[in-house]
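The values are calculated or read from the model by the stated rules, or taken from the named source; none is laboratory data. No experiment lies behind these values; they were computed from the predicted model shown. No Cβ is skipped: glycine too gets one built from the backbone with ideal geometry, and neighbour counts run over all protein chains shown.
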Amino acid sequence: MPHRYLLDSDTLSDLVRNPHGAVARMIARRGEDSVATSVVVAAELRYGAVKRQSSRLSTRLDAVLREIAVLPLEPGIEMHYAEIRVALERAGRSIGGNDMLIAAHALAADLVLVTGNVREFERVPMLDVVNWIASGA
């Protein structure tokens, strides 16, 4: 089964903190092969672990990233990024640079973005967004 869902930073972070929580239950329900994350998300979480100098957090993150596919940035993402950035700037509703890359990655790979930050990502035209953290699964 091809990937269908792209996990955002807050969702993957919730999975690291709560390995048996709502996100884990949704992954089990959907199937592990249906979820992936972006290399941008992995980089954000690695940064957080290094900044906190937490070996426990790094170990937990390593375990999760071994189980979840980490998708590289591929050609085509740059055009989605440019279109998102122009649309959001024209609307006066910009989002962070990494969030634009994550949204572009989801659009380019035709994936549903799984995030707790729905209000921000709903600004992105054509992006399908769901929240597994709030769902309580």
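Has region 72-93 got any residue that is closer than 16 Å to T11 by Cα and under 14 Å from the mean Cα position of the chain (by Cα)?
no
For region 44-58, give me each residue that is in contact (Cβ under 8 Å) with a residue 24 or more places away in the chain and of a type in the set (A, V, I, L, M).
Of everything in region 44-58, those that are in contact (Cβ under 8 Å) with a residue 24 or more places away in the chain and of a type in the set (A, V, I, L, M) turn out to be L45, L57.
Taking the options R56, R60, name whichever one is of a type outside the set (A, V, I, L, M), modelled with pLDDT under 95, out of contact with any Cys (no Cβ under 9 Å at 6 or more places or on another chain) and loosely packed, with under 12 Cβ neighbours inside 10 Å.
R56 is the lone residue from the list that is of a type outside the set (A, V, I, L, M), modelled with pLDDT under 95, out of contact with any Cys (no Cβ under 9 Å at 6 or more places or on another chain) and loosely packed, with under 12 Cβ neighbours inside 10 Å.
Hey, any hits in region 4-20 for a residue that's of a type in the set (D, E, K, R), surrounded by fewer than 20 Cβ atoms within 10 Å (Cβ to Cβ) and over 15 Å from the mean Cα position of the chain (by Cα)?
yes
Can you name the condition, by its number, that V35 falls short on among (1) of a type in the set (V, I, T); (2) over 15 Å from D8 (Cβ atoms); (3) surrounded by 14 or more Cβ atoms within 10 Å (Cβ to Cβ)?
Single failed check for V35: (2).
Find the residue count for region 91-120, including only residues that are of a type outside the set (A, V, I, L, M) and within 13 Å of L6 (Cα to Cα).
Final tally of qualifying residues: 5.
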